Amino acid sequence: MLTLERPTEILHHVGLELGPSEWITVDQAMIDQFADATGDHQWIHVDVERARREMPGGKTIAHGYLTLSLVPRMAATLLEVTRRSRSINYGSNRIRFISPVPAGSRIRLRQRIVGAEEVAGGGVRVTSEMTVELEGQERPVLVAELIGIRYA
């Protein structure tokens, strides 16, 4: 983990790759809870029996947005700014769901800081390339360029 005292210190770490994070297991219970929260109950996510018969690999798959929603949880283990008041999501430039995450598999994150700039109010806007990896697979499952602001 990279630990910094103030958000402005991120300006000196553009280009740095952080990670990987620890593995997170994406199990069927997590997928079902996400389906309930979003209302997306498409069978490829929640129907274990049908997936066993019809899906490649015989398993349900996580929602792409579930995988994306786990990025902040994993990123929090890679970079910490100890003297900050708050952090906010600012947006994304690009998100690609490259391959599925089968139920019961494990994912982890690598983060590369691709840009940082000071903004009004004592903040630093940080652009990061987030790459989510699936255990046992070379091809990433998600690559996203995400933007956040950390305030002093």
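The values are calculated or read from the model by the stated rules, or taken from the named source; none is laboratory data. Remember, it's a predicted structure, so these values are computed and weren't measured experimentally. Ideal geometry is used to build each Cβ from the backbone, glycine not excepted, and the neighbour counts take in all protein chains shown.
General remarks:
- Sole exception among (1) buried (at least 19 other Cβ atoms within 10 Å of the Cβ); (2) more than 20 Å from A29 (Cα to Cα); (3) touching a residue at least 60 places away in the same chain (Cβ under 8 Å) for S105, by number: (2)
- Flag if G19 is out of contact with any helix residue (DSSP H, G or I) (no Cβ under 7 Å at 6 or more places or on another chain), in contact (Cβ under 8 Å) with a residue 24 or more places away in the chain, surrounded by 13 or more Cβ atoms within 10 Å (Cβ to Cβ) and among the small types (G, A, S): yes
- Number of residues in the stretch 112-152 that are farther than 17 Å from E80 by Cα and of a type in the set (S, T, Y): the value is 1.
- The stretch 74-97: number of residues that are within 13 Å of the chain's Cα centre (by Cα), more than 15 Å from I147 (Cα to Cα) and not in a strand (DSSP E or B): 3
- When the helices (runs of 4 or more DSSP H) confined to the stretch 12-57 are screened for residues that are among the aliphatic types (A, V, I, L, M) and within 29 Å of R112 (Cβ to Cβ), those reaching at least 2 such residues are found at 28-38.
Residues are listed down the side, and each one gets a yes or a no for (1) basic (K, R); (2) buried (at least 20 other Cβ atoms within 10 Å of the Cβ); (3) modelled with pLDDT of 95 or more; (4) within 13 Å of V14 (Cα to Cα):
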| position | (1), (2), (3), (4) |
| --- | --- |
| E117 | no, no, yes, yes |
| G123 | no, yes, yes, no |
| V132 | no, yes, yes, no |
| G136 | no, no, yes, no |
| V141 | no, yes, yes, no |
| G148 | no, no, yes, no |
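- Across the stretch 104-124, a minimum of one residue is classified as outside any strand (DSSP E or B) and within 30 Å of W43 (Cβ to Cβ).
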